[in-house]
Amino acid sequence: MPAPPPPLNCPPGLEYLSQIDMILIHQQIELLEVLFSFESSNMYEIKNSFGQRIYFAAEDTNFCIRNCCGRSRPFTLRITDNVGREVITLERPLRCNCCCCPCCLQEIEIQAPPGVPVGYVTQTWHPCLTKFTIKNQKREDVLKISGPCIVCSCIAGVDFE
């Protein structure tokens, strides 16, 4: 049986995503980070539902920004396929992390291929809930995501709808 044709307007390297309905993202934890509260560049394995790695993501920030700005830090996340080709770039500017300040909400730009913006994920202000809006390259709303009132992922995962 021949392979299905690639979907129309699909950026190179992302064709496989059209064939699956779930991904799992696992952060790789560094021992130095755990032992000394030393913030290292985050790295993630992106897997299909069978646990097979389909992409790898690595944060691109410097030591000072990671350790001085913490969770609010700006970063570039480079996502590569299994042969090392960069297929997606995520760019996030420095933003305030205070829920009481709706003027500096979180936003991330998605580029696929790298350098070509295809969409954005923007935080939608709400006094109690975690809410995000997925937007297309024209910044038109495509999908809304709602999370729980209290986000604490130390015990269990956090579910978003």
Calculated FRET efficiency, CYS10 and GLU140, Cβ-Cβ r, R0 25 Å, to nearest 0.05? 0.80
Kindly write out, for the stretch 48-60 in residue order, the coupling ³J(HN,Hα) from the Karplus curve 6.51 cos²θ - 1.76 cosθ + 1.60 (θ = phi - 60°), rounded to whole Hz, with x marking Gly and Pro. 7, 5, 8, x, 7, 5, 10, 8, 9, 10, 9, 6, 10
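How much mean residue ellipticity at 222 nm does the chain get from its helices, if each DSSP H run of length 4 or more adds -39500 (n - 2.57) and you divide by all residues, to the nearest 500 deg cm²/dmol? Walk me through the intermediate numbers first.
Numbers: 2 runs with 13 residues, N = 161.
Mean residue ellipticity, 222 nm, calculated: -2000 deg cm²/dmol.
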About the Cα centre of the chain, what is the dipole size in debye to 20, counting +1 per Lys and Arg Cβ and -1 per Asp and Glu Cβ, all else neutral? 300 debye
For the chain, with the dipole built from +1 on Lys and Arg beta-carbon atoms and -1 on Asp and Glu ones, taken about the Cα centre, which of ALA58, GLY84, LEU129 lies farthest toward the positive end? LEU129
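For a protection proxy built on the mean count of beta-carbon atoms within 10 angstrom, sort 31-38, 105-112 highest first, please.
Details: 31-38: 10.1, 105-112: 17.9.
Order by mean packing, descending: 105-112, 31-38.
FYI, it's all coordinate maths here, none of it is from the lab. Quick caveat, the model's predicted, so the values are computed rather than measured. Please note: Cβ atoms are built from the backbone with ideal geometry, for glycine as well, and neighbour counts cover all protein chains shown.
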